[in-house]
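The values are calculated or read from the model by the stated rules, or taken from the named source; none is laboratory data. What you see is a predicted model; the values in this text were computed from it and never measured. Cβ sites come from the backbone with ideal geometry, for glycine too, and all protein chains shown count toward neighbours. All accessible areas refer to the heavy atoms of the entire protein, side chains included, with ligands and DNA or RNA removed. Shrake-Rupley method; radii C 1.70, N 1.55, O 1.52, S 1.80 Å.
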Amino acid sequence: MSDRVLTRRDFMRGTVGAMVGGSVVGAEPLGASTRAPRPPRSAEVVVVRDQKALNASHDVDVTVLREMLSETIARLTGKASARAGWQAMIKPADLVGLVPTDHLNPTHDEVVEAVRAQLIDAGIPAGRIKNAQGGPDNARPCTALIALPALKAHWLTGMGTVLKLYILYSGHPSRYHGENNVNLGEIWNLPDVKGKTRLVLVDALRPLCDKGPQPDPRYLWDYKGLIAGTDPVAVEAIGLKIIMARRQALRGEPWPLSPPPLSLAAADEKFGLGTSRLSEIKVQTYGWSQDTLL
Amino acid sequence: MDLPRTFGPWTRSDRSRRIDARSIFGYMDGAGELYLAYGFDHLDVVEYGSADQGSILVELYWMRTPADAFGLLSGDWGGEPVGLQAEAASTTSASPVPPHRALYGAGLLRLWSDTLYARVLASRETAASREQVLAIGRTIVAGRKEASYPALISALPRASGPAYRLLPGRTTYLRSHLVLNSAYFLSAENILDLDVTSEAVLATYESSVPAPPRHQVRLLLVRYRDEATARAAAARFRDAYFPETRKRADHGTGPSSALQHVEDGWAGYQQKGRCLAAAFEVQDSDLARTFVRRALEELARLEAAHE
């Protein structure tokens, strides 16, 4: 992506990434093949859902959630158990920072606590697990970060999920508001952050598909899922796909996401964080299959 | 505004919060920009709690003008219209915007009353919480005057060409490119130089050809604080969105207008005085010219009437 002024016309030409372009126009852009050249990448994303994860009042069934988390970790790591999966990702010597969305449609506390409990079960001392959301001082001492964002659309940035999660680590969040949100991916390459994220686990129990981050219950729905991967861009791309599909289902016609999540293509093509190309992402889905939106 | 202490089983906490432009990001990180994109004065927050039926959050956004409060409601005309008091006489079924001043959906009531925009949100939607959310809404608007919608809205042609009609539920009033982009993405940057001293309205027109998918055209009207600002904005817009026309314009009319076939159809704009009209996704050049011309005629009428 170049630094010149991006307009709607660039998206129509498909020069900003097919996934992002599609979010603007509601369909595949005209020239999706004209994206910036780069070496091929690959990523794997696991989606686990359970119809019983939430009750009719949208309260979390903690027992069901723990089982979903166990399956997610085992499937993602290819290990026989969640414990073995966690042990492959995190070592007892690590200082682990859990990074949830803490404000306006936050990550469910139950998700954060389930992760903490499984880490302890996997042999990580409780004292070496902390909530690391906040300024760069919170990330600095951590040797491992677990990103725990909630899935939501965002009225300023298109998506307000994975890539935006670390905005406070920049120390200057206002620099990433407005048009500069395209550069959210660079935060993941800051010295206090780079290379530390061992897992991206998205709370998709009850996502928000429009008007975020302020809660508007008309756009919340019970997806009852967890989305996980180690490539933050790929996980964001799958979250975006789900959000866009939900929007189309609500309106009965394409309902473009506006503004487009500029940071997604930039995280791929400008900052090299991972892949936003669906052709390079292998998605595995498990559990409740109704309205998977994938 | 002094709200009653109780609504049914919900009781207000003694403490209410006053949020201003400096503290709004502490209250709603990532959402405060929406309110600052209009003329925001301050926000009062009151929370009602109950023993076992969840909470009701009341947010009262005090804006500088009725137009600013209207703009916030116009960002989303979805939801169930609810009558909290008699609808204003100026809003009719032929209006370019829906006549509603309060909309309810899934536990959230949004309303516009003069310079006030309010959100009343039940944490759990039940018949009881809906009843009290609406009761709070009625209390908020009681005795308040009903302002007319912004005059700029009336400059929207009701129809354009023989086969296009305005969709009132898709009309958004705004002052900021951030809000414009959340309704219709044009550019990552502020290529129309919008700010709180300007006002704009984005409208959608749909083809009446019966076969789906029905074609839609977007029309954007902008009124700047003065002609010099409008002229500079038109030049920037031309350079960013219609760079192909720059050479032509340098030898002709300057940056005050452009018409070009772009990736998603014909697009064009014209600036006249302190006003600018732009049309997007139009099927042919004649229709694009018609949209812009008719909008400018209406804007000229508005300016002549000093509205």
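Brief remarks on what is shown
- 12 Å Cα-Cα reach of A:Lys130 towards aspartates and glutamates, excluding residues that sit fewer than 8 places from it in its own chain: A:Asp94, A:Glu113
- Overall form of the stretch B:185-307: oblate. Here a/c, set by the Cα gyration tensor axes a ≥ b ≥ c, is 1.5 or more, and a/b is not larger than b/c.
- Here the relative contact order of chain B, from alpha carbon pairs under 8 Å that lie six or more residues apart, stands at 13 percent.
- The protein assembly as shown: calculated mean residue ellipticity at 222 nm from DSSP helix runs of at least 4, using -39500 (n - 2.57): -8000 deg cm²/dmol
- Percent of Cα pairs exceeding the 18 Å cut-off, where the set is the stretch A:139-271: 51
- For chain A, the Kirkwood hydrodynamic radius from C-alpha pairs, put into Stokes-Einstein at 10 °C and a viscosity of 1.306 mPa s, yields a diffusion coefficient of 84 µm² per second.
- At 0.692 mPa s and 37 °C, Stokes diffusion of the stretch B:40-86 via Kirkwood alpha-carbon radius, µm² per second: 250
- Whole-Å distance, taken between Cα centres, linking the stretch B:285-307 and the stretch A:229-249: 42
- Computed packing ranks the peptides B:222-230, A:249-257, A:231-239 as A:231-239, B:222-230, A:249-257, most packed first, by mean other Cβ atoms within 10 Å.
- Surface share of carbon and sulfur [accessible, 1.4 angstrom probe, percent] for the stretch A:170-267: 46
- Peptide A:156-162, shielding by other chains (average Cβ, 10 Å cutoff): 2
- The stretch B:1-121: radius of gyration over Cα atoms, expressed as a fraction of 2.2 N^0.38 Å: 1.11
- Percentage relative contact order, chain A, counting C-alpha pairs under 8 Å, at least six apart: 25
- Taking each of A:Lys52/A:Lys194; A:Lys152/A:Lys282; A:Lys152/A:Lys196; B:Lys247/B:Lys272; A:Lys91/A:Lys194; A:Lys91/A:Lys270 in turn, the alpha-carbon distance tops 27 angstrom for A:Lys52/A:Lys194; A:Lys91/A:Lys270.
- Integer Hz, Karplus 6.51/-1.76/1.60 couplings in order for the stretch A:65-70, x for Gly and Pro: 4, 4, 5, 4, 5, 4
- Positive contributions from Lys and Arg (+1) and negative ones from Asp and Glu (-1), summed over other residues with Cβ under 14 Å from the Cβ of B:Val292, come out at +1.
- Average other protein chain Cβ within 10 Å of Cβ, residues B:29-35: 6
- Selection from A:Leu293, B:Gly49, B:Gln85, by position along the positive dipole direction of the protein assembly as shown (Cβ): A:Leu293
- Overall dimensions of the stretch B:104-179, expressed as equivalent-ellipsoid semi-axes from the Cα gyration tensor (√(5λ), whole Å, largest first), are 31, 16, 12.
- When +1 charges are put on Lys and Arg Cβ atoms and -1 charges on Asp and Glu Cβ atoms, the dipole computed for the stretch A:66-118 relative to its Cα centre reaches about 340 debye.
- Comparing B:Ser23, B:Thr65, B:Thr126 along the charge dipole axis of the stretch B:22-128, the residue lying farthest to the positive side is B:Thr65, per the Cβ-charge model.
- Interface area, chains B and A: about 3100 Å² of buried accessible surface, summed, with a 1.4 Å probe and ligands, DNA and RNA left out.
- For peptides B:125-135, A:214-224, sequence by mean Cβ density within 10 Å, most packed first: A:214-224, B:125-135
- Signed unit charges on C-beta, dipole axis of the stretch A:36-110, positive-most listed residue A:Ile73, A:Ala84, A:Ala43: A:Ala43
- About its Cα centre, the dipole of chain A is roughly 540 debye, where the only charges are +1 on Lys and Arg Cβ and -1 on Asp and Glu Cβ.
- Structural descriptor for the stretch B:98-177: relative contact order 21 percent, calculated from alpha carbon pairs under 8 angstrom and at least 6 residues apart.
- When restricted to Cα atoms, the protein assembly as shown yields an Rg and a Dmax of 24.8, 77 Å, respectively.
- Where the alpha-carbon atoms of chain B are placed on the principal axes, they occupy 72, 45, 36 Å, in descending order.
- Check: the stretch A:207-292 dipole with +1 on Lys, Arg Cβ and -1 on Asp, Glu Cβ, in debye: 160
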